[in-house]
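Novice: Take this structure first; my questions come after.
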Amino acid sequence: MRPGLIQLEIGVQSVNERTIREIRRKMDIEKVRQNVSRIKERKNVHQHLDLIAGLPYEDYASFSVSFNEVYSMRPEQLQLGFLKVLKGSLMQEKTGEYELFNQDRPPYEVLSTRWLSYGEIIRLKKVEEMVEVYYNSAQFSNTMRELEKEFSSPFAMYEALASWYESGGLFGVSHSRIARYEILYRFISGSGVKNPEEYQGWLTLDLYLRDNVRNRPEFLGEDKVSKEEAAAFYRREAQEHAYLREYDGYDGRQMRKMTHLERFRGRFLLFDYRHRDPLNGDAQVLDITGWQDAGV
């Protein structure tokens, strides 16, 4: 199938076996993992995996286990939902047994259960927002993949990030995309990471994967590609199209507007914004290390 044509919504809900039995479902989490992996290998289907907070026998610690299990499958989106106690549902029938409290008007969302307090629901709401911003947006993928190595688990990382937002009064504010990067870098710098400056490279990679940002954010440091190097590259490309073969007819100035050059971890990368990944919107990246000596 054409990449991006199909999107799958996979309702995992929980990996807690007792929870799954209680809500009268059957699920083999290993089979789910295998199927998600098989689909992911083809790189043409967008997968959303869902979890639901507020289910019976799922406390805060158990939910974090479910989160980490599903997160490890690397879906395109991990959606954290909150139980809706609909009229006539099994959940409504057992509100007393589950000590379940919910909103008295639509969408009848859970407020607390025997296993999950109201305060813990609020904490999960804040984790959910961080997941939406820093995972589901697919705008920080490389940075977050590296950053999770600094924490005991992915859930712990998003918890810490939510606490950082809360302590800084950052929730409830409309942040620009660049501001989200700046906040993330401040979080990294202040969270005890040994070499926070190394994350400048990952943040740079993620930023330019999406947009050819003209005004380079200060926190990324100086451009590592000199004006002379960039001018020489685009001058050669305008004549030979050694790397940008589909840009025939464009001059160097035009190609420069539609692409970006960046040095990253000792490599010379060329971001092509005319060609993007249909699943996450990332620009195509060409490794052109050695172009100056290639004689092409």
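Novice: On C-alpha positions alone, give me the angle between the axis of helix 60-71 and the longest principal axis of the chain, in degrees, nearest 10.
Specialist: Its long axis makes an angle of about 40 degrees.
Novice: Continuing with this model, one more query. Using the per-residue mean of other Cβ atoms lying within 10 Å as a proxy for protection, in what order, highest first, do the peptides 255-263, 167-175 fall?
Specialist: Result, highest mean first: 255-263, 167-175.
Novice: Note the per residue figure in Å³ for the convex hull of the C-alpha positions in segment 54-168.
Specialist: 118 Å³
Novice: Restricting to DSSP H runs of at least four residues, report the calculated mean residue ellipticity at 222 nm for the chain, -39500 (n - 2.57) per run over all residues, nearest 500 deg cm²/dmol.
Specialist: -12500 deg cm²/dmol
Novice: Give the relative contact order (percent, whole number) for segment 70-219; include only Cα pairs under 8 Å separated by 6+ residues.
Specialist: 18 percent
Novice: Where only protein heavy atoms count, and the probe is 1.4 Å, what is the accessible area per residue for the chain in Å²?
Specialist: 53 Å²
Novice: Also, I was wondering about something else. Relative contact order (percent) for segment 189-296, with alpha-carbon contacts under 8 angstrom and 6 or more residues of separation?
Specialist: Relative contact order of segment 189-296: 24 percent.
Novice: Using the Cα atoms as the points, what is the convex hull volume per residue of the chain in Å³?
Specialist: Normalising the Cα hull of the chain by residue number yields 164 Å³.
Novice: Still on this structure, please answer the following. Could you look at the chain and say what percent of its accessible area is carbon and sulfur, using a 1.4 Å probe and all protein chains?
Specialist: Roughly 47 percent, rounded to a whole number.
Novice: Once each part is reduced to its C-alpha centroid, what is the distance from segment 130-207 to segment 68-101 in angstrom?
Specialist: First find each Cα centre; the distance between them is then 27 Å.
Novice: Highest mean first, how do 279-287, 87-95 rank when packing is the count of other Cβ atoms within 10 Å averaged over residues?
Specialist: 279-287, 87-95
Novice: If contacts are Cα pairs under 8 angstrom and at least 6 residues apart, what is the relative contact order of the chain in percent?
Specialist: Normalised by residue count, the contact order of the chain is 13 percent.
Novice: Among 113-123, 220-230, what's the highest-first ranking by average C-beta atoms within 10 angstrom per residue?
Specialist: Per-residue mean Cβ counts within 10 Å order the peptides as 113-123, 220-230.
Novice: On a 0 to 90° scale, report how tilted helix 199-210 is relative to the longest principal axis of the chain, with both axes built from alpha carbons and the result rounded to the nearest 10.
Specialist: The answer is roughly 80 degrees.
Novice: Out of all DSSP beta bridges with both ends in the chain, state the antiparallel percent to the nearest 5.
Specialist: Roughly 50 percent of the DSSP beta bridges within the chain come out antiparallel.
The values are calculated or read from the model by the stated rules, or taken from the named source; none is laboratory data. What you are looking at is a predicted structure, and each value in this text was computed from that prediction instead of being measured. Positions of Cβ are generated from backbone atoms using ideal geometry, with glycine treated the same way; all protein chains shown enter the neighbour counts. The area values use the complete protein model at the heavy-atom level, side chains included, leaving out ligands, DNA and RNA. Shrake-Rupley method; radii C 1.70, N 1.55, O 1.52, S 1.80 Å.
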